[in-house]
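The values are calculated or read from the model by the stated rules, or taken from the named source; none is laboratory data. Predicted, not measured: the structure shown is a model, and the values here were computed from it. All Cβ positions, glycine included, derive from the backbone under ideal geometry; neighbour counts span all protein chains shown. Note: accessible area is taken over every heavy atom of the protein model, side chains too, but ligands, DNA and RNA are not part of it. Shrake-Rupley method; radii C 1.70, N 1.55, O 1.52, S 1.80 Å.
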Amino acid sequence: WDGYAAIIATLIGLLALLVSGYTAHVQRQQLRAQVWPYLTVSSGNVAPYVALRVVNGGTGPARIVAVRVTVDGHPVKNWAGAAVALGGKPGGVVQSTLSRTVLPAGQDKTLIRPFSDEQNAAFVALFLGDKHDLTIDVCYCSVLDECWRLDENVPKPIGGPDDCPFAEAERFKE
């Protein structure tokens, strides 16, 4: 009987170990869902201005690792360079920094907007017009170091914070 008792105790211990492992797995999945960032780049009215902004529609903060802005497929270093590449003049805009910042869940950050509402039409023609292809790509991570690349406004998983595919020379330096 002692042998049977030992086998039963071992089986019960293994079952408890399996249940514990499954519970930890489920809790990790729930935690991932609670801290999942979901970024999108949008253009629209931020009264009284038109603006380009990044929105975190996820459930957790987004830690921005790197940003790349391209005009017609060519990387630019800053908004002044983007304006020139788009055929305009530098200046006349209010801009903010996105690289190496944290964007809380449910928040947005204005990247660039005109100085005044009188400049909205020129801003729309230059930055939101269809003469050129202006693309904003972002590498970002959750607090659990799960990372994504926002590529043409679609988040695609990447390995980790060091796996952002943007070369240092291509990165945007607001």
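Backbone phi angles across the range 130-143, fed through the Karplus curve with coefficients 6.51, -1.76 and 1.60 (θ = phi - 60°), yield HN-Hα couplings of 9, 6, 10, 9, 9, 10, 10, 10, 9, 9, 8, 9, 7, 5 Hz in residue order; Gly and Pro are listed as x. Sorting LEU128, LEU11 by accessible area puts them as LEU11, LEU128; the probe is 1.4 Å, largest comes first, and only protein heavy atoms count. Rolling a 1.4 Å probe over the protein heavy atoms gives the range 60-174 an accessible area of 50 Å² per residue. Annotation note: chymotrypsin sites (Phe, Trp or Tyr not before Pro) in the range 1-53 located in DSSP loop regions with a Cβ neighbour count of at most 15 within 10 Å are TRP1.
How much of the accessible area of the range 33-148, in percent, comes from carbon and sulfur atoms when a 1.4 Å probe is used? Reported share for carbon and sulfur atoms: 54 percent. Close amide-amide hydrogen proximity is noted between ILE158 and CYS147, TRP148, ARG149, each under 5 Å apart and 5 or more residues distant or on a separate chain (H modeled in the peptide plane; Pro and chain starts excluded). Taken one residue at a time, the phi angles of the range 9-23 give Karplus couplings (6.51, -1.76, 1.60, θ = phi - 60°) of 5, 5, 4, 5, x, 5, 4, 5, 5, 5, 4, 5, x, 5, 4 Hz. Gly and Pro are set to x. Charged side chains reduced to their Cβ positions (Lys and Arg at +1, Asp and Glu at -1) give the range 16-158 a dipole of some 360 debye around its Cα centre. Based on DSSP loop calls and a cut-off of at most 16 other Cβ atoms within 10 Å, the longest stretch of the chain free of exposed trypsin sites (Lys or Arg not before Pro) is what? So the longest stretch without any such site is 1-76. For the chain, relative contact order (Cα pairs under 8 Å, six or more residues apart, normalised by length) works out to 26 percent. For GLY92, no residue has an amide H sitting under 5 Å from its own, ignoring neighbours fewer than 5 places away on the same chain, with H placed 1.01 Å from N. Spatial offset of the range 9-23 relative to the range 77-127 amounts to 56 Å, using the alpha carbon center of each.
With helices as the sole contributors, the chain gives -9000 deg cm²/dmol at 222 nm; each DSSP H run of n ≥ 4 counts as -39500 (n - 2.57), and the sum is divided by every residue. Of the chymotrypsin sites (Phe, Trp or Tyr not before Pro) found in the range 92-128, the ones in coil according to DSSP and having at most 13 other Cβ atoms within 10 Å of their Cβ are PHE115. Here is the size of the chain from its Cα atoms: Rg then Dmax, 23.4, 91 Å. Residues whose amide H lies under 5 Å from that of LEU111, counting only those 5 or more places away or on a different chain, are LEU52, ARG53, VAL54; hydrogens are built 1.01 Å from N in the peptide plane.
Working note: Karplus 6.51/-1.76/1.60 with θ = phi - 60° gives the range 97-108 the couplings 8, 10, 4, 6, 10, 10, 10, x, 4, x, 10, 9 Hz, where Gly and Pro are set to x.
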